[in-house]
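A quick write-up on the structure given underneath.
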Amino acid sequence: MMMTKKTDELFAPFGSLAVRNGELIIGGCGANDLAKKYGTPLYVFDVDRAVSTAAAYIGILEKEYPDFTVCYASKAFCCTGIYSFLAPLGVGADVVSGGELYTALKGGMPADRIYFHGNNKTESEISYAIDAGVECFVIDSEREIELIAKHTKKPQNVLVRVNPGVEAHTHRFIQTTTPDSKFGFSIADGSAARIVKSLQNYKNIKFVGLSCHIGSQIFELEPFEIAIEKTTDFILELNRSGIDVKRLDLGGGFGIHYLKGDLPLTPEKYMAHTAKCLKSAVERKHINPPRLVVEPGRSIVGEAGVTLYTVGAIKTIKDVKTYAAVDGGMFENPRVAMYDAEYTAVVADRVNAERTHKYSIAGKCCESGDVLIEGIMLPELHAGDILAVPSTGAYHYSMASNYNRNAVPPVVAVRNGSSAYMVKPQTYEDIVRNDVIPVFSEDKQ
C-alpha cells in the first residue's frame, strides 16, 4: 500500500502539498505525471487550496465583523476560471483595468460585486465599467472624477483612495502608502479631505467611503493597526464636516510562505485582529461602524500554485558555481528580477532525497540576470528532471510575457486527483497572431 505523508521540514509550510513514495503530490496529482501529460513549464493550481483560503476570510468575518465584503484582488491571478470558483462563495472582485473587468464578468463574477481600482483609468475603461454596472469606483485621480461624472446617468458609488502614510516592512516597490507613492490622496497634507469634499458637488456621484492599501507581502499586524487608526481619525474628521463614511476598504497585502523562514499569519488571525482593531477604533471615536472591505489576492491564490520545470543544460564553472537551466525563466516569473523575490524548490520525484549539490537555477531567456533561484541545495540534478517551485499562484501567470517569443505557460487546475486546463497553452501561431507586416501607401504605387 502506498503511503502519503506531508512534505519534509523544508517544505512544511506548503500545507496543500504532500509526498507519496518520494514524489510531490499536488491536489492529489503526481507532479511528474502532470509534467508528462501537459508539458513544462507548467503552472499547476490547487483549486481547493484557494477556495478554502477564501472561505476562511469569509468565515471569520461573519463571526467578528458581519458587515463586510471580501474582494478578490484580480491582479494576483486573473483568468475566467478563478472567478468561477470564487464567485459562488459570495466573494467580490477588485479589478484595475478593462481587461480584468471583462475577464471577471466572463468568469461569472456579478458586476454588483466588483470594485474598479487604478491610478489612471482611461475614459473607455470608465465608460465600459459604468455600462457593465460595477458596484463601485475607487477614485485615485481628480481627472477620474470628471470622467465618471461625464459617463454616468445615475448616482455612481465611489470610494476615495487615501494615503495614510504607513510604511509597511516589505520591498520598496510594493510599498504603496509612502509619501512619494503614486497611489492615493494624502491625508496628512489635506489632499484627501479636499477631494472628498469636492464630491459633494456632484449629483451623479455618490461618495460612500475610503480605501487604502499599505503594501504587499506583509507579515506584521502593526502596519494594519496604524492604518486603521489613521483612517478612522480621518473618518471622524469628515463626520465633523457633515460627511458620512459608510465603507472602509483596508486593502490586502497579507503575506504568504515563499521560504522556510517566512512566518505569515493565517487568514483567521489577520481578519480577527483587523476586526478587533476596527471595532475598538470606532467605539473609542464614536463613529458609525463602516462596512469593512478587504482585498486579499496573493494570500488566496499564492500557495495554491506550483510551477513545474524540466531541467536542461547543466554547466559547472570551476571554483565558481554550477548552473542548472530550466525551460522557464523571467518570461513566466519576472518577480525575481523585479523584486529580488526568493523561492525554494524540490526535485519532483525525489522530494526527500539528500540535498548534496548547490545550484543556481537559471532561466532560458537571453539575459544574464535570468536566474530564478541562486545557490539552492538539491539532490544531484540531471537533464530531464522535473523541478517544482511552490507558491507561484500569485503574480506569475498574471505577470508573464512573451519575452524572447517564449509562450506563456498554460495553467492546469487540480482537484481530488483530477486535472484540467484552466488556461490553455499558447502556440507559436498565438504569439504572432496580431503581427502585421506593414504596407505603406508608397509601396502600392
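Being surrounded by 24 or more Cβ atoms within 10 Å (Cβ to Cβ) and assigned to a loop (DSSP other than H, G, I, E, B) is the filter; apply it to the range 290-321 and report the residue that is nearest to the chain's Cα centre (by Cα).
Only one residue fits best here, namely Gly297.
Based on what the data block shows, is Lys285 within 23 Å of Phe137 (Cβ to Cβ), modelled with pLDDT of 95 or more and not aromatic (Phe, Trp, Tyr)?
Spelling it out, it is not the case that Lys285 is within 23 Å of Phe137 (Cβ to Cβ), modelled with pLDDT of 95 or more and not aromatic (Phe, Trp, Tyr).
Specify the residue that is modelled with the lowest pLDDT; the eligible residues are those in the range 17-46 that are in contact with a Gly (Cβ under 7 Å, 6 or more places away or on another chain) and outside any strand (DSSP E or B).
Result: Gly28.
Within the range 263-282, is there a residue that is surrounded by 19 or more Cβ atoms within 10 Å (Cβ to Cβ) and in a loop (DSSP other than H, G, I, E, B)?
yes
Pairs under 6 Å by beta carbon, first residue under 26 Å from Glu229 (Cα atoms) and touching a residue at least 60 places away in the same chain (Cβ under 8 Å) in the range 141-168, partner of a type outside the set (S, T, N, Q) and assigned to a helix (DSSP H, G or I), six or more apart or different chains?
Short answer, once both residue conditions are applied: Val162/Ala192; Pro164/Ala227; Pro164/Lys230; Val166/Pro223; Val166/Ile226; Val166/Ala227; Ala168/Pro223.
What tally of residues in the range 189-211 results from selecting those that are within 21 Å of Leu278 (Cβ to Cβ) and either modelled with pLDDT under 95 or charged (D, E, K, R) (or both)?
Summing the residues that are within 21 Å of Leu278 (Cβ to Cβ) and either modelled with pLDDT under 95 or charged (D, E, K, R) (or both) in the range 189-211 gives 0.
Identify, please: which residue in the range 66-90 is of a type outside the set (A, V, I, L, M) and within 21 Å of Tyr128 (Cα to Cα) and is, among those, most open to solvent (accessible area, probe 1.4 Å)?
Lys75
Any residue at all in the range 48-65 that is closer than 25 Å to Val138 by Cβ, open to solvent by 50 Å² or more (accessible area, probe 1.4 Å), in a loop (DSSP other than H, G, I, E, B) and at pLDDT 95 or above?
no
Could you say which residue among Ile235, Ile256, Ile218 is buried (at least 21 other Cβ atoms within 10 Å of the Cβ) and over 19 Å from Gly165 (Cβ atoms)?
Checking each option against the conditions leaves just Ile256.
Please list, ordered by first then second residue, the pairs with beta carbon atoms under 6 Å, 6 or more apart or interchain, first in the range 299-310 and at pLDDT 95 or above, second assigned to a helix (DSSP H, G or I) and among the β-branched types (Val, Ile, Thr).
Partner pairs satisfying both residue conditions: Ile300/Thr53.
Six or more apart or on different chains, Cβ atoms under 9 Å: show the pairs whose first residue is in the range 311-329 and farther than 13 Å from Asp370 by Cβ and of a type in the set (D, E, K, R) and whose second is assigned to a strand (DSSP E or B) and open to solvent by less than 70 Å² (accessible area, probe 1.4 Å).
Lys315/Thr322; Lys315/Tyr323; Lys315/Ala324; Lys315/Ala325; Lys315/Ala362; Lys321/Tyr359; Lys321/Ser360; Lys321/Gly375
Every residue in the range 265-285 that is over 30 Å from Ala50 (Cβ atoms), in contact (Cβ under 8 Å) with a residue 24 or more places away in the chain and not small (Gly, Ala, Ser), please.
Val282, Lys285
For the range 201-212, enumerate the residues that are under 22 Å from Pro289 (Cβ atoms) and either among the aliphatic types (A, V, I, L, M) or open to solvent by 30 Å² or more (accessible area, probe 1.4 Å) (or both).
Lys206, Val208, Leu210
The values are calculated or read from the model by the stated rules, or taken from the named source; none is laboratory data. Keep in mind that this is a model prediction, so the values were computed, not measured. Glycine gets a Cβ as well: all are built from the backbone with ideal geometry, and neighbour counts include every protein chain shown. What goes into the accessible areas is simple: the full protein's heavy atoms, side chains included, and nothing from ligands, DNA or RNA. Shrake-Rupley method; radii C 1.70, N 1.55, O 1.52, S 1.80 Å.
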